[in-house]
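The values are calculated or read from the model by the stated rules, or taken from the named source; none is laboratory data. Computed from a prediction, not measured in an experiment: that's the story for all the values here. Here the Cβ is made from the backbone with ideal geometry for all residues, glycine too, and neighbour counts use every protein chain on show.
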Amino acid sequence: MTVYLIGAGPGDPELITVRGARLLASADVVVHDRLAAPLLGLVRHGSELIDVGKMPGTAAVQQDEINAILVERGRRHECVVRLKGVDPFVLAHGAEEVAALAAAEVPFDVVPGISSALGAPAAAGIPLTVRGLTQSFTVLAGHEDPMQVPNRRWQALADLAGTIVILMGAARIDKIAARLIEAGLPSETPVAAIHAATTSAERIAVSSLGEIGAVQHLSPTTLVIGEVVSRRAGHLGRERKAARIG
């Protein structure tokens, strides 16, 4: 009996790992997030599906309840999959779920997924590092109120002079951009906003730090801030049916 925490990848169902797809096809129970729902076609007929996804503006299933479901199903079934959007351990609650399983002495395993922090820019043709331009990148959670984040943290990001990738920041793009400009990043710094990365609904808006706040963005959106955006590949070998902006 094992509970497998599996990362679904950045959006496109084909970007799940081979091991993740194999385990999903043999699962007795699948406890899944909203963004992982497109992968449910890989689940075998008769498996129990439990939707614990969080929808904007609706009451979410509490994390303690999810933990309890995993422990209870993990004790009763041979193969339980906790299917999580993108990667279980990148700005997710995977660590809490693993801790609950360990405390209950329920065996578990983690199957990594491609994080949207890496996969979204790559699929959009944007390198996170470029030799001679930038050698580092920082991943930031954008769901906090930017006005409540200490000034020193924004200053550190500006001083680092690397690429900044922001997840879960669609609703606060304007405030995030303002704080970064206040910290010293030039307002003309290139920004790419990638919505629904790697899927047929993907949209890419390329703007500047000073102007990106005027554009309304839907969740999920991955923001890439830095000079690397100007190195975006003009031709993407991977074809998708999505219309593109920028």
All conditions in (1) crowded, with 18+ Cβ neighbours inside 10 Å; (2) modelled with pLDDT under 95; (3) charged (D, E, K, R) are true of GLU97 except (2)
Every residue from region 11-27 that is touching a Leu at 6+ places or on another chain (Cβ under 7 Å) and farther than 18 Å from PRO220 by Cβ
ALA21, LEU24, ALA25
Looking for something in the same structural domain as SER208 (by TED's automatic domain parsing) and among the β-branched types (Val, Ile, Thr) - is there at least one such residue anywhere in region 145-163?
yes
Only residues that are more than 23 Å from the chain's Cα centre (by Cα) and either β-branched (Val, Ile, Thr) or not assigned by TED's automatic domain parsing to the domain that holds ALA27 (or both): list them for region 70-103, please.
VAL71
Among the residues of region 156-178, is there at least one that is closer than 14 Å to VAL229 by Cβ, in contact with a helix residue (DSSP H, G or I) (Cβ under 8 Å, 6 or more places away or on another chain) and surrounded by fewer than 20 Cβ atoms within 10 Å (Cβ to Cβ)?
no
Buried (at least 16 other Cβ atoms within 10 Å of the Cβ), touching a helix residue (DSSP H, G or I) at 6+ places or on another chain (Cβ under 6 Å) and more than 20 Å from VAL106 (Cβ to Cβ): which single residue out of LEU42, LEU24 fits that description?
LEU42
If we ask which residues in region 154-197 are among the aliphatic types (A, V, I, L, M) and without any contact (Cβ under 8 Å) to a residue 40 or more places away in the chain, their number turns out to be 11
